[in-house]
Amino acid sequence: MDAHPLQVDKLSFHYGSVKALGNVSFHIPAAGFVGLLGPNGAGKTTIFGLLTRLMSPQSGEIRYSAHLLDQEPARALQSLGVVFQQTSLDLDLSVAQNLHYHAALQGMSRKRARIRIQQELGRFDMQNRVDDKVRSLNQGHRRRVEIARALLHKPQILLLDEATAGLDFETRQMINQHIRQLCDDDGVSVLWATHLIEDIRTSDQVILLNQGKVIAQGNCEQLLRENHVTDLRQLMQKQFRAVA
């Protein structure tokens with residue numbers, strides 16, 4: 001297992017004359033949970049667009065294990081599962097149809113796809129919804145289906161962009177715990193982008209992003225001690241004032 005399955009080095013991106021990211025560098029450890037934390041507009045979604053090759057950086061490198069994304073995109077992205085902020089499920093298809101379509105894109109056989117669909121839906125106790133139209137599901141259940149879809153091909157790295165935004169507290173907690181369990185049980189490396197401080201624990205590795213720049217990163221508990229504050233909200237306020 002690669003010690004750092006995702007490495008980002010000096011990543012920059014502009015929308016015309018507007019700088020969205022400037023010299024962003026970080027890495028994700030194997031089987032680790034890392035929180036990418038920042039307010040709306042900080043650059044989190046731009047990072048995800050670059051990590052998934054929806055956009056190309058003006059400078060910098062993205063490496064998945066031994067593969068540079070710009071040089072070996074197909075091989076690099078094989079190790080990746082993604083849950084975007086905006087849903088991409090087809091509302092008029094069933095849960096099974098959505099998942100089988102994704103499995104086919106991943107080159108999975110029909111038999112293998114059926115097994116993996118049952119396994120991943122089973123983690124969320126969603127097996128009995130497999131034939132339901134996605135349109136009939138609530139937002140929490142749709143998000144569970146999207147996570148199951150991202151995991152069908154057993155990726156080494158899972159990217160989640162605001163995965164719990166708009167969900168009730170109980171559902172947010174359940175999904176958060178489920179993702180953390182993937183790190184422990186399956187060795188999945190997770191980058192969890194959020195503006196919700198409640199999604200992050202003091203034991204987590206965190207990357208604080210503001211105005212397109214990484215302003216602090218490391219173990220959350222250690223950062224709190226170094227900045228002489230008692231909680232993550234105070235840490236963010238202190239760091240964000242420093243770059244304002």
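Being more than 17 Å from I175 (Cα to Cα) and not in a helix (DSSP H, G or I) is the filter here, so list the residues in region 119-139 that pass it.
Listed by number, the residues that qualify are V130, D131, D132, K133.
So in region 1-34, with the set limited to residues that are on the phi < 0 side of the Ramachandran plot and of a type in the set (G, A, S), which one is surrounded by the fewest Cβ atoms within 10 Å (Cβ to Cβ)?
By that ranking, first place goes to S17.
Inside region 182-205, can you point out the residues that are over 15 Å from D161 (Cα atoms) and in contact with a Cys (Cβ under 9 Å, 6 or more places away or on another chain)?
Within region 182-205, R201, T202, S203, D204, Q205 qualify.
Would you confirm, using the coordinates I've provided, whether I179 is part of a helix (DSSP H, G or I), assigned by TED's automatic domain parsing to the domain that holds L37 and modelled with pLDDT of 95 or more?
Considered against the rule, which asks whether it is part of a helix (DSSP H, G or I), assigned by TED's automatic domain parsing to the domain that holds L37 and modelled with pLDDT of 95 or more, I179 comes out as yes.
What residue, among those in region 46-59 that are touching a residue at least 40 places away in the same chain (Cβ under 8 Å) and surrounded by fewer than 18 Cβ atoms within 10 Å (Cβ to Cβ), is nearest to N176 (Cα to Cα)?
T52
Mind listing just one residue for me: the one in region 68-101 that is crowded, with 17+ Cβ neighbours inside 10 Å, free of Cβ contacts under 8 Å to residues at least 24 places away in the same chain and touching a helix residue (DSSP H, G or I) at 6+ places or on another chain (Cβ under 9 Å) and, of those, farthest from N40 (Cα to Cα)?
Here the residue is H100.
Only one residue in G35, G41, G22, G107 is closer than 22 Å to Q217 by Cα and either part of a helix (DSSP H, G or I) or without any contact (Cβ under 8 Å) to a residue 24 or more places away in the chain (or both). Which one?
G41
Answer with yes or no whether D70 is closer than 28 Å to H141 by Cβ and part of a loop (DSSP other than H, G, I, E, B). Write out each step before concluding.
Details: closer than 28 Å to H141 by Cβ: no; part of a loop (DSSP other than H, G, I, E, B): yes.
Taking the combined requirement at face value, the residue does not satisfy it.
The values are calculated or read from the model by the stated rules, or taken from the named source; none is laboratory data. Not measured: the values here are computed from a predicted model. A quick note on method: Cβ atoms are made from the backbone with ideal geometry, for glycine too, and the neighbour counts reach across all protein chains shown.
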